[in-house]
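Single-structure report; data block below.
The values are calculated or read from the model by the stated rules, or taken from the named source; none is laboratory data. Predicted, not measured: the structure shown is a model, and the values here were computed from it. Note: ideal-geometry Cβ built from the backbone for every residue, glycine included; neighbour counts use all protein chains shown. For accessibility, only protein heavy atoms count, side chains too; no ligands or nucleic acids. Shrake-Rupley method; radii C 1.70, N 1.55, O 1.52, S 1.80 Å.
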Number of protein chains: 2
Amino acid sequence: MTKQRLRVIPLGGAGEVGRNMWVVEYGEDIVILDCGVMFPEAEMLGVDLVLPDITYLRENLHKVRGIVLTHGHEDHIGSLPYVLPELGFPPVYATPLTAGLVSHKLKEHRLLEQTKIHRFEAGDELRVGIFKIETFHVAHSIPDTVGLAINTPAGIAVYLTDWKFDHTPVDKRPTDIAAITALGQRNPLVLMTDCVRVESSGSTPSERVVGDSLDSIFATAPGRIIVATFASNISRVQQVIDSAEAYGRRLMLAGRSMENNFRIALELGYLRIQPTTLVRGSEAATLPDDQVAVMCTGSQGEPMAALARMANRDFPHLRVKQGDTVVVSASPIPGNEVSVSRVINNLFRIGADVIYGSEAKVHVSGHAAQEELKMLLAMLRPQNVIPFHGDYRHMVLYRKLALGMNMGYTMDNVFVIENGSVMEFGQNFAKLVNKVPVNYIYVDGTTVGDVSQIVVRDRQLLSRDGVMIVVVTIDRHSGELVGGPDVLSRGFVQVRDADTLIDSTRNVVRRILQKTNDQTEVDAAFVIRKIKDAVGDHLFEQTRRRPVVLPIVTEV
Amino acid sequence: MTKQRLRVIPLGGAGEVGRNMWVVEYGEDIVILDCGVMFPEAEMLGVDLVLPDITYLRENLHKVRGIVLTHGHEDHIGSLPYVLPELGFPPVYATPLTAGLVSHKLKEHRLLEQTKIHRFEAGDELRVGIFKIETFHVAHSIPDTVGLAINTPAGIAVYLTDWKFDHTPVDKRPTDIAAITALGQRNPLVLMTDCVRVESSGSTPSERVVGDSLDSIFATAPGRIIVATFASNISRVQQVIDSAEAYGRRLMLAGRSMENNFRIALELGYLRIQPTTLVRGSEAATLPDDQVAVMCTGSQGEPMAALARMANRDFPHLRVKQGDTVVVSASPIPGNEVSVSRVINNLFRIGADVIYGSEAKVHVSGHAAQEELKMLLAMLRPQNVIPFHGDYRHMVLYRKLALGMNMGYTMDNVFVIENGSVMEFGQNFAKLVNKVPVNYIYVDGTTVGDVSQIVVRDRQLLSRDGVMIVVVTIDRHSGELVGGPDVLSRGFVQVRDADTLIDSTRNVVRRILQKTNDQTEVDAAFVIRKIKDAVGDHLFEQTRRRPVVLPIVTEV
């Protein structure tokens, strides 16, 4: 790398929502910004989590000086348990709430003792390798979120992810506009910014709006009130506490992550609650309905989370019933629309009143909309901008927005790039110079990486038309059929109703073996191939479906 | 059934969007209203279509007098090719455009000759068995849509599905308010009405709004304009024609269903186009970009439809390129959000400008919103109401809306019911009297019904963690292992990286066979069961995953 040039590489977060992870490099020093996971897309069948690809970091391990986290959401901290051991446990820098959530996570993975976590407060200055990193508070849907200004010999890189200009946030700490405008005086070299809400005109409403809606629900609901939200949305949790206390209801928590996050936030002083407000499920069951409120997980329709289980009569001490009011205080993450809608339907079926959707104003986003994105540019006036934390379309629309501002932004200083793009910035220099590998790293069950794109593709094939297994035993010398052909299937057709199809398939196999038999030498691989092709064609002809055909040839 | 009672049964459409089909029965006569399909939900893996369950009709075949169709959308006509032969080809009643679309569909299935299609115009009166059926025009996103008033000795049933009060529709035929208010004077017994947009306040905007947006896009787009919409949305197609002609562009059609529907609508006089406007792909390729517009399928992100293929450089004569403007003139149907968003991202990646989403006003719904739903009740004043064509939540919200109108509606005359509910109505009588079976009937490939819930469940299991096949050959007398154990997997782990796991699994199988071997008699079923359990447990222990385990035991 040429001297006096700052290198910036998204390993996750560019062209996708989630899995945020950035490399900032100068000379012999790398600082990593965030370390998130992505939740798998629908066609990544059976995959639990998707991690960033850290090949580049492994190859430059000697340069890694630390990981700085901006806030405690999974898409910014979730990869730590997988990445930390791989990188030899570099120091982690985090604000107190983020550090609390990270500690809990690492403890569960038995990695806490090996990890050095440096706590800092917004406003503190960090020294990570040669980098002097200024931190400043930003408003988001979790407290203790920060923006970062990374000072390097080439210039200042500003990293501002997951933020909005909320002038009336619940924790009374708005985005630090003074810090941002002051940075704007120092001619920052590059800004990396969240752009996921660029499709929305105007400004994102304040979190305060949700408090008002909750109050009016708590003032009128006849029975219990059950509020589902993200466990990490501590401000939302605080607003539910406030409404419960204002309207004389005790509060029960439901869902493991809700209980964990609540405990961590409470211990660290990020929640205010009267000592008598909280109630256990067993006790809540003895109280009059109009004195009970519940805060639970499951706002994304997850079938194993508290809300869906309450709706399915599968949650201890709490079954949703007629007269209950359920508030879905979250928007469906793209891909979850159908499962959220299913849970809402089931709740209505039970007889609950369900309050949801944008017209109900029981949720606001934690991300900046168009006018806020423009305001940030006007305040900060960075020489270069990389929008991220959005789909490709969001990044393109962000560029359009910036170019429309008459601030000198052009295609040459607003960069729409994808993960793995190596960007270099310096005096009058801003360029994509290289690409590093960035594959999806899948976590399925307890293991990382042994589920590859091939495995996922196989699952897709299996999910479409199932599998048909053809078993034959042949004499290893003569090639004669001595057992089978037997046919076995899963997810293809109902075998007991498909006698004709099964019989004709067996005949197809017999015919192949007769033909193969004529050859001078028997080759199991050849037989397998022949069966696979012939049975596949036969089944497609008969059913217009293409199950995975697996021939099993045993030689005896 | 008691005399003087009208029986109404939804076989599809109650508690779901799509697959609309209703039975109206009086004494010895049944008329079927609509005959639609549903597009499968995400977890109905590999299923192409979902049909209504017509068990009840099969059992009452002698009563079936005919099928009356309200309009030509798939969710109202798509089951005809499967249902007509089952019911012995009862006569089908349809308006000209609907009849044209149905004829095309039946021709493809080689069923047209056997089918008697009676064409009628809105305003005509039909005689179907003992039923006198009045028909009246309603505005919707396809022309020639009608509402039905079924006169029976017990009273009038009004069936009004897929409608809105559009006062400025493109075909200049607004909903026939005079007919509806006149019906309101005759004290209708029951109204069945669409409620899918009950979550939206106000009124659904007129289709005219889209024309204005299209005009401003056509006035300014520098290159080609590609508009993706539903092929059946003939009004939308007309507006694209109008804009193309107004701004001097030739129009190319892309996608099989777009071409078919266009041709049918044109032949029947439902489209106005100048003879020189239409252009073939090969010719369009020779024209200047700013003289070309394209109308195509694929607005739902379907990977095999024209839009996705154009974006993937897999469509003859047309590849989307930088400078093109793509208009996505449709909303994603719930469940399609991710695939639509993927196509939009890809189009941006290529460099096209993409116009989409509600703020762009390039799509409006064909269904009534809250104020329209209320207006219908005020005009028609039915004694009883059954909302349908919506999820369960929509039906509950509709009831809330009706109960809030102070028109005498209560829980006893607004019915939230699900498919298969047999409702009876008469003089001061309105009751759910029975339930008939309504399963999902799946179409996969060319066959109906051989893909059951079990097959789909197997596909779900396979899609999660794949399949592991364990093959052993044992001596049928001694039970000794003479071949294997071999292990084969698909969609589970990458076998070449999982030697240890494969080895340990084989050892587990060997151990079982040794134990089994000690028994006096060898029972293959028992061996299979043992292998299945032990291997399943072993794999879960090692990987926290549960592939489908299929032991194959060959005895020689």
Practice prompt. Only one of these is small (Gly, Ala, Ser) and in contact with a helix residue (DSSP H, G or I) (Cβ under 8 Å, 6 or more places away or on another chain): A:Gly426, A:Gly404, A:Gly390, A:Gly408. Name it.
Written response: A:Gly390
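In region A:359-395, what count of residues is obtained for those that are open to solvent by less than 20 Å² (accessible area, probe 1.4 Å) and assigned to a helix (DSSP H, G or I)?
Within region A:359-395, the subset open to solvent by less than 20 Å² (accessible area, probe 1.4 Å) is A:362, A:364, A:366, A:368-369, A:372-373, A:376-377, A:380, A:382, A:384-390, A:394-395.
Subsequent filtering for residues that are assigned to a helix (DSSP H, G or I) retains A:372-373, A:376-377, A:380, A:394-395.
Total satisfying the criteria: 7.
Would you be able to tell me the number of residues in region A:202-227 that are surrounded by 18 or more Cβ atoms within 10 Å (Cβ to Cβ) and among the small types (Gly, Ala, Ser)?
At the first step, the residues of region A:202-227 found to be surrounded by 18 or more Cβ atoms within 10 Å (Cβ to Cβ) are A:203-204, A:206-207, A:210-211, A:213-214, A:217-218, A:221, A:224-227.
Then keep just the ones that are among the small types (Gly, Ala, Ser); that gives A:203, A:206, A:211, A:213, A:221.
Of the residues in that region, 5 qualify.
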Worksheet item: Looking at region A:39-65, which of its residues are surrounded by fewer than 24 Cβ atoms within 10 Å (Cβ to Cβ) and within 14 Å of chain B (Cβ to nearest Cβ)?
Response: A:Phe39, A:Pro40, A:Glu41, A:Ala42, A:Glu43, A:Met44, A:Val47, A:Asp48, A:Leu49
Discussion item. Looking only at region A:407-446, how many residues end up being crowded, with 19+ Cβ neighbours inside 10 Å, touching an Asp or Glu at 6+ places or on another chain (Cβ under 6 Å) and either at positive phi or not in a loop (DSSP other than H, G, I, E, B) (or both)?
Written reply: 3
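Given the residues A:Val487, A:Val509, which is the only one that is assigned by TED's automatic domain parsing to the domain that holds A:Met468, under 21 Å from B:Asp458 (Cβ atoms) and at pLDDT 80 or above?
Details: A:Val509 fails: under 21 Å from B:Asp458 (Cβ atoms).
Selected residue: A:Val487, the only one of A:Val487, A:Val509 that is assigned by TED's automatic domain parsing to the domain that holds A:Met468, under 21 Å from B:Asp458 (Cβ atoms) and at pLDDT 80 or above.
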Worksheet entry | Every residue from region A:64-87 that is in a strand (DSSP E or B) and over 12 Å from A:Thr115 (Cβ atoms) | A:Val64, A:Arg65, A:Val68
Worksheet item: So, in region A:452-475, of the ones that are more than 7 Å from chain B (Cβ to nearest Cβ) and either farther than 20 Å from A:Gly536 by Cα or in contact with a strand residue (DSSP E or B) (Cβ under 9 Å, 6 or more places away or on another chain) (or both), which residue ends up most open to solvent (accessible area, probe 1.4 Å)?
Response: A:Gln453
Discussion item. Condition (residue is among the basic types (Lys, Arg), in the same structural domain as B:Leu61 (by TED's automatic domain parsing) and within 20 Å of B:Gln185 (Cα to Cα)) applied to region B:107-126: is it met by at least one residue?
Written reply: no
Item to complete: Would you be able to tell me the number of residues in region A:244-264 that are over 21 Å from A:Arg309 (Cα atoms), part of a helix (DSSP H, G or I) and not charged (D, E, K, R)?
Response: 3
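Have a look at B:Ser216, B:Ser282, B:Ser235 and point out the one that is farther than 29 Å from B:Pro174 by Cα and among the hydroxyl-bearing types (Ser, Thr, Tyr). Show your work before the answer.
Working: B:Ser216 fails: farther than 29 Å from B:Pro174 by Cα; B:Ser235 fails: farther than 29 Å from B:Pro174 by Cα.
Sole residue among the options that is farther than 29 Å from B:Pro174 by Cα and among the hydroxyl-bearing types (Ser, Thr, Tyr): B:Ser282.
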Worksheet item: Can you pull out the residues in region A:529-552 that are open to solvent by 30 Å² or more (accessible area, probe 1.4 Å) and within 13 Å of chain B (Cβ to nearest Cβ)?
Response: A:Lys532, A:Phe540, A:Glu541, A:Gln542, A:Arg544, A:Arg546
Response to the item:
Only unsatisfied item for B:Phe230, checking (1) open to solvent by 20 Å² or more (accessible area, probe 1.4 Å); (2) modelled with pLDDT of 95 or more, is (2)
Worksheet item: Any idea which residue in region A:476-513 is nearest to B:Ser489 (Cα to Cα), counting only those that are facing chain B (nearest Cβ under 9 Å) and open to solvent by 60 Å² or more (accessible area, probe 1.4 Å)?
Response: A:Arg490
Practice prompt. Being within 30 Å of the chain's Cα centre (by Cα) and assigned to a loop (DSSP other than H, G, I, E, B) narrows it down to one of B:Gln274, B:Gln300, B:Gln322, so name that one.
Written response: B:Gln300
